[in-house]
Amino acid sequence: MRSLARTMTRAERIGQLFMVGLDSGASRSAIDAEVTAYHVGGVILLGGWSRSGAVRAATDHLNALTRGPRLFLAADQEGGAVQQLTGAGFSTIPAAREQAAVAGGLRRRAADWGSELAAVGINVNLAPVADTVPAAIGTANGPIGQFGRQYGSTPSAVTPPMLAFLQGMHDAGIMTSVKHFPGIGRIRGNTDTSADGITDPVTTTRDPHLEPFAAGIDGGTDFVMVSSARYPKLSAEQALFSSAIVTDLLREQLGFAGVVITDDVGAADALQAVPIADRALRFLAAGGDMILTARSADIAIMTAAVAQRVTRDPDFAVQVDAALERILTLKASRGLVACD
């Protein structure tokens, strides 16, 4: 992968660190420039896509634009309230709490759902949710509990069905991302829609709520998505900007060697006070790998900022190289890189 990186231009190397959203209401060519000129490494389908034919047409179009490493083509296909691909060609996936009730059959069902993704060119499911929502909080938890996205109210209840979903996706050849590290089950606000109520005052480096994430890592998850919430017992920074969380806790303590990805940093209210360029720079400096933004206009700003920082900060350049190597290694392992 280092040899491959040396054959790429600087713009191509930096572009691999980004995943951009393609909205269902936009034209098929809406992000062509981000793919061809900025060389993004991934695309996520957003906005609720209906019918497999429309999804297949979009992924075929995007793949036809790609030169070099192929794209991560992603969807949020958890089930329940969060299922971006619906209609003809896609099963109606139950919410996580309902999935947990099927016990031994969940892995097989998840493999079927994963096969539906593979059939339309999707290779990444940004799931499963590994967050634990305590029963005492329940639906008062804005991002997860309100929508029944959790597999259970204790880590021991979350882990088996979460892992079965992950394994089923892998059985179908679909990459997974456990989320939202180190857990957003105790907060009240939703980082997508609020900058308030997003502090978890409880989580520590020995918290039982980390156990489902550790199980997902041991189970071979390809990505871990880091949250935008705050954890004062872990760091003074929001999670995605914290080396104590991304590097010390996730990489070193839990041993995750794969790709660390952000939640959306474009439209999320929790990040609007942070300059657009800094959202990418601070995440990469913390040890992260791939920046996900729903707003295509962010890509030009962020890639320019990374390119400028690389030229003047050798330590940052080393971190960018390491992130690129992890991304390319994952792509190669999943057949998205052609090696001579």
Discussion item. Being modelled with pLDDT under 95 and either in a helix (DSSP H, G or I) or crowded, with 16+ Cβ neighbours inside 10 Å (or both) is the requirement here; does Val337 meet it?
Written reply: yes
Practice prompt. Would you mention how many residues in region 235-280 are part of a loop (DSSP other than H, G, I, E, B) and among the polar types (S, T, N, Q)?
Written response: 3
Worksheet item: Taking helices (runs of 4 or more DSSP H) that do not extend beyond region 1-120, which have at least 1 residues that are modelled with pLDDT of 95 or more and under 20 Å from the mean Cα position of the chain (by Cα)?
Response: 10-15, 32-36, 52-65, 96-100, 106-119
Item to complete: Could you check how many residues of region 5-37 are over 23 Å from Gly48 (Cβ atoms), surrounded by fewer than 23 Cβ atoms within 10 Å (Cβ to Cβ) and of a type in the set (A, V, I, L, M)?
Response: 5
Item to complete: Please enumerate the residues belonging to region 104-141 that are open to solvent by less than 10 Å² (accessible area, probe 1.4 Å) and more than 19 Å from Thr176 (Cα to Cα).
Response: Val133, Asn141
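Residue-wise test of (1) among the charged types (D, E, K, R); (2) farther than 19 Å from Thr9 by Cβ; (3) touching a strand residue (DSSP E or B) at 6+ places or on another chain (Cβ under 8 Å).
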position: Met302; (1), (2), (3): no, no, yes
position: Asp313; (1), (2), (3): yes, yes, no
position: Arg326; (1), (2), (3): yes, yes, yes
position: Thr329; (1), (2), (3): no, yes, no
position: Ser333; (1), (2), (3): no, yes, no
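Let me confirm something: among Ser235, Ser228, which residue is open to solvent by less than 40 Å² (accessible area, probe 1.4 Å), of a type in the set (Gly, Ala, Ser) and in contact (Cβ under 8 Å) with a residue 12 or more places away in the chain? I'd like the intermediate steps shown before the answer.
Working: Ser235 fails: in contact (Cβ under 8 Å) with a residue 12 or more places away in the chain.
Residue meeting the stated conditions: Ser228.
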Fill in: The lone exception for Ser153 - which of (1) of a type outside the set (Lys, Arg); (2) touching a residue at least 40 places away in the same chain (Cβ under 8 Å); (3) surrounded by fewer than 24 Cβ atoms within 10 Å (Cβ to Cβ) it fails
(2)
Worksheet item: Any idea which of (1) assigned to a helix (DSSP H, G or I); (2) open to solvent by 60 Å² or more (accessible area, probe 1.4 Å); (3) among the charged types (D, E, K, R) is the one Asp298 doesn't satisfy?
Response: (2)
Practice prompt. Would you check if there is a residue in region 221-235 being out of contact with any Lys or Arg (no Cβ under 8 Å at 6 or more places or on another chain) and over 22 Å from Pro143 (Cβ atoms)?
Written response: no
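Check Ala294, Ala332, Ala304, Ala322 and return the single one that is farther than 28 Å from Asn125 by Cβ, among the hydrophobic types (A, V, I, L, M, F, W, C) and out of contact with any Pro (no Cβ under 6 Å at 6 or more places or on another chain). Please lay out each step first, then the result.
On the way: Ala294 fails: farther than 28 Å from Asn125 by Cβ; Ala332 fails: farther than 28 Å from Asn125 by Cβ; Ala322 fails: farther than 28 Å from Asn125 by Cβ.
Ala304 is the lone residue from the list that is farther than 28 Å from Asn125 by Cβ, among the hydrophobic types (A, V, I, L, M, F, W, C) and out of contact with any Pro (no Cβ under 6 Å at 6 or more places or on another chain).
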Discussion item. Could you go through region 123-137 and let me know if any residue there is touching a residue at least 24 places away in the same chain (Cβ under 8 Å), over 30 Å from Ala195 (Cα atoms) and within 21 Å of the chain's Cα centre (by Cα).
Written reply: yes
Discussion item. Of everything in region 168-211, what is within 18 Å of Ala118 (Cβ to Cβ) and either within 17 Å of the chain's Cα centre (by Cα) or open to solvent by less than 50 Å² (accessible area, probe 1.4 Å) (or both)? Give them in sequence order.
Written reply: Gly168, Met169, His170, Ala172, Gly173, Ile174, Met175, Thr176, Ser177
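The values are calculated or read from the model by the stated rules, or taken from the named source; none is laboratory data. Given the structure is predicted, the values throughout are model-derived calculations rather than measurements. We place every Cβ from the backbone using ideal geometry, glycine too, and count neighbours over all the protein chains shown. Each accessible area value is taken on the protein alone, full model and side chains, heavy atoms only, with ligands, DNA and RNA left out. Shrake-Rupley method; radii C 1.70, N 1.55, O 1.52, S 1.80 Å.
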